[in-house]
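The values are calculated or read from the model by the stated rules, or taken from the named source; none is laboratory data. Being a predicted model, the structure only gives us computed values, none of them experimental. Every residue, glycine among them, receives a Cβ derived from its backbone with ideal geometry; neighbour counts consider all protein chains shown. With ligands, DNA and RNA removed, areas are computed over all heavy atoms of the protein, side chains included. Shrake-Rupley method; radii C 1.70, N 1.55, O 1.52, S 1.80 Å.
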Amino acid sequence: MSVNSPNLSRRSAEIAARFGARASSYEAHAGLQADVAQRLAAHLPDVTAPSVLELGCGTGLLSRHLLARYPDGRFVLTDVSPAMIAECRRNLADVEGARVRFEMMDAGMTSGRDGLDLIVTSMTLHWLPDPLASLERLRARLSPRGLLVFAALGPDSFVEWRSVLAMEGLPSGVPDLPAIPGVIEEEYLTPDKDSLSFLRRIKAIGGLTPQEGYRPLPPGALRRAIRATNLRFGGRVTWHVVYGWLERT
């Protein structure tokens with residue numbers, strides 16, 4: 001395995017540590033992410049022997065689809081978490097071969113690789129400090145006919161939870177989720193039976209890294225927000241997932 005260690009920001013290092021701590025159990029709790037990866041795979045273009053960069057490969061939920069779709073492709077699978085990369089490599093051990101490389105990479109600081117036929121990323125953009133600027137940098141790395149294919153959280157994600165926090169006068173650690181250009185499909189998912197289950201799902205996959213400067217809610221305030229979400233919205237918390245293509249700028 002080839003691993004380049006980028007200079008990580010404090011936030012990226014924290015994200016890497018949180019996801020890394022859950023790497024071995026991630027897929028047991030990542031049914032939603034697996035479903036998104038499968039749907040995103042349906043939007044992959046028909047190309048032959050592409051050079052592919054995946055950002056935020058995690059444990060390989062989307063990587064499996066990529067390797068199956070492009071048997072003659074060449075792949076660089078990257079993640080900010082070494083533990084996730086190790087888990088991905090184990091999961092792909094029977095199919096990777098010489099056409100796959102693994103690298104540690106901060107998706108928000110991608111550099112040093114141009115002329116790519118395909119850049120793909122699933123449920124990673126919301127962790128970046130400036131998703132739109134990152135997308136523009138990534139598009140510049142594409143070959144003239146290359147494509148950037150993504151699945152990402154849309155701006156209506158977790159609207160119920162954010163609404164309750166605002167009504168209760170409580171701070172929100174949910175990162176800003178801008179509208180992303182190039183969307184070709186979107187869906188609204190409510191996979192959890194109540195707001196506590198929603199929070200447990202996020203914790204189980206390591207996804208509790210809040211915005212910079214956010215301080216976790218005290219237990220009493222958290223319980224109040226959970227009760228309010230259950231009363232006002234029946235415990236429903238929505239994931240807004242968008243899928244799209246971007247061509248080179």
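Brief remarks on what is shown
- Filter result (closer than 21 Å to Pro129 by Cβ and surrounded by fewer than 15 Cβ atoms within 10 Å (Cβ to Cβ)) within the stretch 153-170: Pro155
- Subset tally (residues that are part of a helix (DSSP H, G or I) and either open to solvent by 50 Å² or more (accessible area, probe 1.4 Å) or free of Cβ contacts under 8 Å to residues at least 12 places away in the same chain (or both)) for the stretch 15-49: 10
- The number of residues in the stretch 120-138 that are surrounded by 18 or more Cβ atoms within 10 Å (Cβ to Cβ) and modelled with pLDDT of 90 or more comes to 10.
- Residues (assigned to a helix (DSSP H, G or I), polar (S, T, N, Q) and within 29 Å of Ala17 (Cβ to Cβ)) located in the stretch 118-172: Ser134
- Count of the stretch 201-220 residues which are open to solvent by less than 50 Å² (accessible area, probe 1.4 Å) and closer than 28 Å to Leu128 by Cβ: 9
- The condition of being in contact (Cβ under 8 Å) with a residue 60 or more places away in the chain, aliphatic (A, V, I, L, M) and under 26 Å from Met84 (Cβ atoms) holds for Val241.
- Some residue of the stretch 186-200 being hydroxyl-bearing (Ser, Thr, Tyr), farther than 19 Å from Gly56 by Cβ and open to solvent by 40 Å² or more (accessible area, probe 1.4 Å): yes
- Check on Leu116, within 22 Å of Leu40 (Cα to Cα) and without any contact (Cβ under 8 Å) to a residue 60 or more places away in the chain: no
- Among the candidates Met123, Met104, the residue that is touching a helix residue (DSSP H, G or I) at 6+ places or on another chain (Cβ under 8 Å), of a type outside the set (Gly, Ala, Ser) and on the phi > 0 side of the Ramachandran plot is uniquely Met123.
- Residues (surrounded by 13 or more Cβ atoms within 10 Å (Cβ to Cβ) and in a strand (DSSP E or B)) located in the stretch 173-185: Val183, Glu185
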